[in-house]
Amino acid sequence: MKFLIKILFLLWSAAVYAEPIQHTEKKTFSFDLSKLSELPRIKPCVIVGSGVAGCVAGYYFTRSKLDGYVIKGPQPGGQLTGAGLVENMPGIPTMSGFEITTNLQNQAQVLGVQFIEDAVVAMDLSQWPFVIQLAQGETLYALTVIIATGSAPRKLGIPGELEYWGAGVSTCAVCDCFVYKDLEVAIVGGGDSAAEQALILAPYAKKITIFVRKDQMRAAPTLQERLKEYDHIEVVYNKEILEVQGNGEVVTSLVIKDTPSQETSTFPCDGLFLAIGHNPNTSLVQPYLDLDESGYIHLATRSQETNIRGVFVAGDVADGHFRQAVTAAGTGGQAGLEALEFLREIGITERTLRRYIKE
Ligand code: NDP
């Protein structure tokens with residue numbers, strides 16, 4: 001009897017765990033190739049976003065000899081451009097984020113990726129070919145689209161934060177570290193970014209205080225160890241920032257709450273760096289694509305395909321967890337390959353496409 005129950009349990013668990021997670025029914029189209037010749041400016045693949053994920057997606061797609069177009073977007077190179085020294089890119093000894101993104105874009109150009117210096121303002125993913133509207137007025141029609149729009153740094157949403165944005169409030173230590181030479185700065189956050197920002201600021205600022213809202217940091221232990229090497233970096237726990245104060249021109253202090261005692265105090269400083277995580281850039285695709293509870297694009301399987309056939313995703317916009325340059329690169333490569341597979345499935349190769357596309 002015991003044996004029978006065990007077998008039934010094993011069969012049941014196999015059935016439960018083998019069931020694929022399907023968020024919504026997949027949207028598909030008739031993929032009528034004959035209508036392509038009626039449309040101007042058809043692009044085999046449009047990649048929205050030029051960070052690591054977008055560039056690598058471009059490499060992989062373009063190696064097929066079909067043209068991949070990367071829309072540079074409002075922050076060419078993406079967030080990695082603002083990263084300090086990156087020491088965990090495979091095969092690349094320590095190098096600045098800016099240098100890495102410059103290399104990525106140069107490499108993409110060598111491999112034949114075409115960059116469009118513009119930003120997407122609207123997309124229609126409810127029809128195929130997909131329609132992409134650019135800020136400078138051009139409309140593109142794409143046979144396949146890869147969304148690689150990344151994510152943007154979160155804000156605290158407290159008084160004074162926007163008033164002193166760029167005048168003491170910053171999210172980019174690497175961009176602004178020189179401004180804080182011999183000055184006192186605060187950092188809010190307890191993750192890798194907070195620790196990294198402190199290490200970038202360390203050679204410049206006179207004093208750096210990291211405000212962590214819990215009683216511990218979640219930054220990698222190695223980064224936390226490195227913070228201890230600097231006498232002028234202090235980590236304080238259980239603190240909430242309530243307000244950014246200034247003299248009308250620059251930041252002069254913060255209002256801080258000690259959460260256990262609920263007491264508030266004024267903390268004099270010259271700048272505040274925000275390192276409290278990111279929000280995915282999904283406003284363009286939100287009407288069409290399934291998002292998860294945190295707003296990231298939902299991937300139902302290990303594939304980079306979305307709930308719309310022909311639309312793929314790469315990088316942080318679908319990854320609120322790892323958010324590493326190397327994972328963005330990996331998913332970029334996968335999305336590029338999957339976009340190619342999709343085109344092959346609907347009968348498009350370099351040779352067949354020449355019949356339809358007008359230049
Ligand atoms: P995380 O989401 O890892 O950390 C955000 C931190 O901000 C947490 O400590 C969180 O607190 C805190 N926080 C969130 N909201 C608030 C708020 N309103 N007020 C105060 N504190 C707040 O983001 P990161 O940007 O640090 O890292 C994101 C990813 O990027 C991670 O996977 C990280 O490993 C990676 N990364 C890697 C780097 C590297 O390898 N060199 C460098 C930078 C990032 P709480 O802990 O309480 O939730």
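The values are calculated or read from the model by the stated rules, or taken from the named source; none is laboratory data. All figures in this text were calculated on a predicted structure; none of them were measured in a lab. Neighbour counts run over all protein chains shown; Cβ positions are idealised from the backbone, glycine included.
Take the range 163-190 and flag every residue that is modelled with pLDDT of 90 or more, farther than 12 Å from Asp270 by Cα and surrounded by fewer than 17 Cβ atoms within 10 Å (Cβ to Cβ).
Glu163, Trp165, listed by residue number.
If I ask for residues that are over 22 Å from the mean Cα position of the chain (by Cα) and at pLDDT 90 or above, which ones from the range 65-80 would you list?
If the condition is that a residue be over 22 Å from the mean Cα position of the chain (by Cα) and at pLDDT 90 or above, then Leu66, Asp67 are the ones that fit.
Just to be sure before I move on: is Leu104 under 22 Å from Leu340 (Cα atoms) and part of a helix (DSSP H, G or I) in the structure I sent?
yes
Does the range 108-125 contain any residue that is in contact with a Cys (Cβ under 6 Å, 6 or more places away or on another chain) and within 30 Å of Ile200 (Cα to Cα)?
Within the range 108-125 (the criterion being in contact with a Cys (Cβ under 6 Å, 6 or more places away or on another chain) and within 30 Å of Ile200 (Cα to Cα)), the answer is yes, since at least one residue qualifies.
Taking the range 79-101 as the region of interest, how many residues are of a type outside the set (A, V, I, L, M) and outside any helix (DSSP H, G or I)?
Matching residues across the range 79-101 total 8.
Residue check, Ile100 against (1) over 14 Å from Val56 (Cβ atoms); (2) in contact (Cβ under 8 Å) with a residue 60 or more places away in the chain, all met but one. Which one?
The one condition Ile100 does not meet is (1).
Quick one: which of Thr327, Thr331 is under 30 Å from Val86 (Cβ atoms), within 15 Å of the ligand (Cβ to nearest atom), polar (S, T, N, Q) and buried (at least 22 other Cβ atoms within 10 Å of the Cβ)?
Answer to the selection: Thr331.
I'd like to know if the range 206-215 contains one or more residues that are touching a strand residue (DSSP E or B) at 6+ places or on another chain (Cβ under 7 Å) and acidic (Asp, Glu).
No.
Could you pull out every one of the strands (runs of 3 or more DSSP E) wholly within the range 227-318 that has 3 or more residues that are touching a residue at least 40 places away in the same chain (Cβ under 8 Å), closer than 22 Å to Ala329 by Cα and within 16 Å of the ligand (Cβ to nearest atom)?
So the answer is 278-280.
Residues of the range 319-359 being in contact (Cβ under 8 Å) with a residue 40 or more places away in the chain and among the aromatic types (Phe, Trp, Tyr), which ones?
Residues satisfying the conditions are Phe342, Tyr356.
Inside the range 318-352, can you point out the residues that are charged (D, E, K, R) and touching a Leu at 6+ places or on another chain (Cβ under 6 Å)?
Glu350
What number goes with the only condition from (1) farther than 29 Å from Gly51 by Cα; (2) within 16 Å of the ligand (Cβ to nearest atom); (3) among the aromatic types (Phe, Trp, Tyr) that Tyr356 does not pass?
With (1) farther than 29 Å from Gly51 by Cα; (2) within 16 Å of the ligand (Cβ to nearest atom); (3) among the aromatic types (Phe, Trp, Tyr) applied to Tyr356, the lone miss is (2).
With the requirement that a residue be assigned to a helix (DSSP H, G or I) and closer than 19 Å to Thr28 by Cα, what does the range 338-359 give you?
Glu338, Ala339, Leu340, Glu341, Phe342, Leu343, Arg344, Glu345
Is it fair to say Pro76 is surrounded by fewer than 17 Cβ atoms within 10 Å (Cβ to Cβ) and assigned to a loop (DSSP other than H, G, I, E, B)?
When the stated conditions are applied, Pro76 does not pass them.
Does any residue of the range 238-254 turn out to be among the charged types (D, E, K, R), modelled with pLDDT of 95 or more, in contact with a Gly (Cβ under 8 Å, 6 or more places away or on another chain) and under 30 Å from Ile147 (Cβ atoms)?
no
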